[in-house]
Each structure stands twice: as structure tokens, then as C-alpha cells.
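Where a number appears in this text, it was derived from the coordinates with a stated rule and is not lab data. From a predicted model like this one, the values you see are computed outputs, not experimental measurements. Cβ sites come from the backbone with ideal geometry, for glycine too, and all protein chains shown count toward neighbours.
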Amino acid sequence: MRDFHKPGRSAVYASNGICATSHPLAAKVGVQMLEAGGNAMDAAIAGAVLLGICEPQMTGIGGDCFVIMTPPGEDRVVALNGSGRAPAGIEAASLRAKGDVIAPYSADAVSIPGAVDAFCRLSRDWGKLGLKAVLAPAIHYAEAGVPVHERVAFDWAQAVGNLSGVARDLYLLDGVAPRPGQMFRAPKQAEILRRIGMDGRDAFYEGEIAEDMVNSLRALGGTHTLDDFANTQCEYTDPVLGSYGGLDLYEHPPNGQGATAILLLNVLKHFDIAGMDPWGAARAHIEAEATKLAYDARNRFVADPDHMTRLDHMTAPETAAQLAGLIDPKKAMPGAVPGAEAVHKDTIYITVVDKDRMCVSLIYSVFHSFGSGIASDKFGVLFQNRGAGFTLEQGHPNEVGPGKRPMHTIIPAMLKKDGKAHMPFGVMGGQYQSTGHARFVSNITDFGLAPQAAINAPRCFAEGDVLNVENGYSDAVKAELSALGHTVQTPATAIGGAQAILLHEDGVLEAGSDPRKDGCAVGY
């Protein structure tokens with residue numbers, strides 16, 4: 001239990017259902033869907049689409065999503081890949097002629113948005129209320145406007161330079177980022193969502209809206225075609241399974257980086273993490289070293305599943321044992337070879353559990369803050385820049401190519417205990433997400449923390465040659481880490497953001513929501 005003399009956040013308990021996410025309006029709308037007779041999938045889609053209005057720097061209908069869920073009354077875990085592909089006309093050789101990496105704020109970096117197709121499929125396969133009802137709250141707030149919250153305003157101001165052309169007119173107020181409390185409206189998105197609600201995914205991927213997207217991208221040098229959009233299709237996949245501390249961890253398979261979290265936890269099994277000070281230098285050091293090694297493996301192997309052949313190698317216990325043997329508890333190793341993928345910190349995560357105990361773990365992103373910074377001319381679709389997640393290294397499994405899906409950093413997760421759904425959770429924060437998953441699971445299993453306490457706890461992250469350490473760590477610990485050879489720095493903002501819902505055996509739900517974001521958990 002937390003010290004009530006100090007600022008903090010209590011857990012949220014409910015018996016019927018809970019929605020936890022990074023913005024209070026989206027959490028409220030999620031619960032309203034449940035109260036209206038919808039299920040966890042209805043709530044998750046409604047909340048996620050609204051987050052594209054409430055946190056447009058993080059996500060939107062021009063982005064991708066991944067989902068892990070359990071059907072009502074079942075312990076089966078289902079995964080859906082809602083990530084889009086590179087256009088069929090893209091050529092690695094042509095991009096190499098332009099530079100060493102894909103320019104992140106260019107049409108070359110725009111892969112086909114996959115989230116809308118995924119939301120339509122999920123609503124059809126698992127929802128109760130139908131798309132029209134589920135999209136109604138986002139349509140209302142896009143037209144009426146939402147007050148900009150504090151963390152959103154902070155992130156927005158940092159990313160003004162990413163916006164170009166039409167996007168500057170749509171996402172700046174009198175040429176500047178909105179201040180906390182100012183109203184933001186997106187009437188063009190309301191029109192798109194209204195059409196999707198009436199006509200489904202074809203309203204977005206074919207016809208007038210698709211023509212607007214294609215024409216806008218081609219005018220900027222993109223190779224995108226109407227066929228690229230019309231052929232977009234999400235896919236159900238099999239989760240990747242790991243274990244730690246008596247819990248089974250279900251992660252989304254590649255092209256997401258969920259296998260990296262499993263590898264990292266497998267490495268940590270070789271150390272007595274539970275015997276360490278949870279916020280001391282020893283644990284932070286071992287986690288940092290394991291992160292370097294796990295992310296090096298990720299950068300070598302993770303790609304479109306049709307092109308990746310080393311998944312079994314990444315998740316094998318023997319691989320983790322060999323990597324653990326490279327860690328010196330008394331000395332930091334140099335940073336792993338940086339991946340060619342661009343670094344970002346902009347994603348939303350939402351999790352919902354309903355009265356029938358359907359669990360949904362959904363993550364949804366446009367990659368960099370405001371994605372590519374490019375919006376379509378007529379309807380104002382803000383495009384992701386997931387194509388910047390490809391490498392231009394010839395022969396690499398993640399080399400950009402026609403119709404390929406790039407390596408993704410976003411990963412939803414689900415924990416099971418004794419074969420039953422135990423906790424859907426996710427950790428936002430770009431590259432940090434795999435380390436964030438490992439840290440969260442370790443906080444719960446090694447140190448017995450409840451979800452909210454596990455989320456509140458301080459974080460650190462080894463990124464290249466730098467160890468980012470939040471201010472929740474003491475100066476003494478930072479000095480110890482420096483003495484071990486780490487280049488310690490304080491990140492510009494808090495690391496990531498997390499949400500989780502624990503299913504207790506007595507039927508009570510317990511949720512935690514990250515104070516690093518504006519959001520909350522809401523139950524009924």
C-alpha cells in the first residue's frame with residue numbers, strides 16, 4: 001500500500017468492467033460503451049479512435065495498431081496484426097541513392113495505414129454495437145472539440161517542427177501548438193469517421209478518401225497507388241509465448257518487437273533480481289546490460305514475419321543463457337550497434353476488461369510525433385511514418401521492399417496465470433516498450449508490486465551508449481551507475497507510460513494507469 005502522506009495514485013477497483021488508457025475522455029468513453037451494452041472490443045475501439053483526437057501527436061487513423069485479446073468466457077489468446085505495408089512500387093535501391101536511411105518526414109516513409117482495416121475487422125468479428133455506434137463519440141468530439149491536456153500540450157510543442165504543409169494548418173492554432181486547456185477540433189476527421197461508420201473499411205481504402213491520400217502522397221514523390229490501399233488487410237496471428245516468475249507472457253509476434261521482451265526476461269532469469277534493491281544500481285545495471293544485448297538481437301532479426309527466420313533463436317533459453325554470460329555485474333559494456341530504425345516515443349495504449357471477462361490489449365500509433373508530419377490535402381488524414389522503421393541495409397530481413405511490413409516497436413501484451421487470463425497490459429514509449437514490459441513483469445513477480453505501484457516505480461533505459469535514468473532514482477544510485485561505466489543522463493521527459501488491469505480470482509478487477517500521462521483508469 002502506498003504512503004498516503006505523499007502524492008500518488010490509488011488503484012482503481014470495479015466488478016463489472018474497467019478501461020485504462022492515457023486520456024480521461026477516452027477512458028470515460030470506453031466505460032460508456034460497456035454501460036451501453038457493448039463489450040471490451042467496442043470499448044477499446046471507441047477509446048482508441050477518440051485518442052486520435054485527444055492525442056493527435058501520438059496516434060490517428062493514418063497509423064497502425066496491434067491487438068491481443070481473449071474472447072469472452074475463453075482463455076484462448078488471439079492476436080491481430082493491424083500494421084500496413086510498404087507500397088508495391090517502393091525500391092530499396094532508389095532510396096539508398098537518396099541517403100543512408102529513409103527520410104522520416106517524407107512520403108518515402110509513409111507505409112499504408114493499417115489501423116482502420118483492423119478496427120473494422122475487430123468490430124465485425126468481436127464487437128456488439130457496430131461501427132456506427134462505436135465511432136460516434138470520436139465524431140462528436142472531433143466536431144465539438146476537446147480541451148488539450150497538460151502532457152499532450154508538452155508533447156505537441158516539442159513536435160511543431162515535424163509538421164509540414166496542410167498538417168500545420170490542421171494541427172497548429174494561429175501557427176503555434178495549443179496551450180493546456182485550449183480547444184482542438186478536427187472536423188475533417190469527423191467526416192471520415194462518419195463515412196467509415198456507414199460504409200466500413202471501403203470508405204477509407206477505396207473511393208474519394210483513398211484518392212485524396214494517394215494524390216497527396218504522389219505529389220510529394222510517393223509511389224503509393226489506389227491498389228496499395230484497396231489491398232490492405234489485417235491478419236490474425238499466433239502470439240509469442242514466454243514465462244517469468246510463475247506467469248505466462250503472451251506477446252505479439254513479429255513484425256512487432258514482443259520477442260525482444262521475452263528474450264530480455266529470459267536473460268534476467270540468470271540473475272537474482274528479486275534479491276536486489278528494486279531501485280538500486282545493481283538491478284538497473286543488469287537490466288541495462290540485458291537490454292543492450294536483447295535489442296542488438298532485435299535489430300538483427302526482427303522484420304516482417306514473411307521475411308524473418310530467427311524467431312525461435314530469439315526466444316530459445318540457450319540464446320538467453322549465452323547472452324547472460326556476456327554480462328559483467330561490475331562493468332558496463334559499450335552500447336549495442338544502433339538499429340537503422342528511427343527512434344520515437346509516440347504511441348497510445350488502451351486496455352479494457354468487461355463483465356464477461358473479455359480482455360483487450362490494444363496499441364495504436366503513428367510512429368514519430370505526428371508521424372510523417374504530412375496530411376492529405378482534402379480530408380486531412382495525418383500519415384504515419386512507419387516506413388522509417390525499415391533499414392536500407394542490403395540483404396537485411398528488415399530491408400525495405402514492395403509490400404513488406406516494417407519492424408514495429410509497438411507491442412500489446414497479456415499475462416496468464418495457471419492457464420487463465422491474469423492481466424492485459426502495455427507500456428508505451430517507443431523503443432523502451434520491450435524493456436518496459438520486462439521491468440513491469442519483474443516489478444510484479446520479483447517484488448510483489450500491485451499494478452499501480454509497478455507502473456509508478458522509477459524507470460531507466462539503456463539506449464545506445466546512454467543510460468536514461470528518471471528522477472525517481474536517487475543521486476547516489478546515479479553516481480553508482482556512472483562508476484560502473486554508464487553514461488547517465490536525465491531524459492527530457494518521463495520514460496514511457498503504462499496501463500494494466502488485473503483480474504482477481506474473486507471477480508474483482510484492479511487497474512493501474514501511468515501518472516506520466518494525462519489518463520486514468522475508470523471502472524463501473
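Worth a mention:
- When each of the peptides 283-292, 75-84, 477-486 is scored by how many other beta carbons lie within 10 Å of its residues on average, the order from highest to lowest is 283-292, 75-84, 477-486.
- Positive minus negative residues near Q489 (Lys, Arg vs Asp, Glu; Cβ under 13 Å): -2
- Evaluated at q = 0.22 Å⁻¹: base-10 log I(q)/I(0), Debye formula over Cα of region 236-275: -0.69
- Total charge dipole magnitude, the chain, about the Cα centre, Cβ charges on Lys, Arg, Asp, Glu only, Debye to nearest 20: 620 debye
- Gap separating the Cα centres of region 28-63 and region 169-205, nearest whole Å: 14 Å
- On the principal axes of its alpha-carbon atoms, region 413-518 has extents of 47, 28, 22 Å, going from largest to smallest.
- Checking [x] 223; [y] 197; [z] 132 against the coordinates, the calculated volume of the Cα convex hull per residue in Å³ falls under label [z].
- Based on the Stokes-Einstein relation at 10 °C and a viscosity of 1.306 mPa s, and on the Kirkwood radius from alpha carbon pairs, region 257-382 is assigned a translational diffusion coefficient of 91 µm²/s.
- Descending by average beta-carbon neighbour count within 10 Å, the peptides 61-74, 198-211 line up as 61-74, 198-211, the highest first.
- For region 54-167, the dipole from Cβ point charges (+1 on Lys and Arg, -1 on Asp and Glu) about the Cα centre works out to 260 debye, to the nearest 20.
- Over region 161-218, equivalent-ellipsoid semi-axes from the Cα gyration tensor in Å: 26, 16, 7
- Mean separation of Cα contacts under 8 Å, 6 or more apart, over the residue count of the chain: relative contact order %: 26 percent
- Unsatisfied cross-links (Cα-Cα over 25 Å) in the set K292/K478; K292/K331; K378/K404; K132/K420: K378/K404; K132/K420
- Centroid-to-centroid separation of region 99-148 and region 274-291 [C-alpha atoms, Å]: 38 Å
- Base-10 log of normalised Debye intensity for region 80-199 (one unit scatterer per alpha-carbon) at q = 0.09, 0.18, 0.19, 0.23 Å⁻¹: -0.38, -1.15, -1.17, -1.23
- Segment L220-D202, length gained on full extension (0.36 nm per residue, minus Cα span): 4.0 nm
- For the peptides 347-360, 126-139, the ranking by packing is 347-360, 126-139, with the highest mean count of neighbouring Cβ atoms within 10 Å listed first.
- Equivalent-ellipsoid semi-axes of region 8-119, from the Cα gyration tensor, Å, largest first: 35, 17, 12
- Across region 257-341, Cα pairs under 8 Å and at least six residues apart give a relative contact order of 43 percent.
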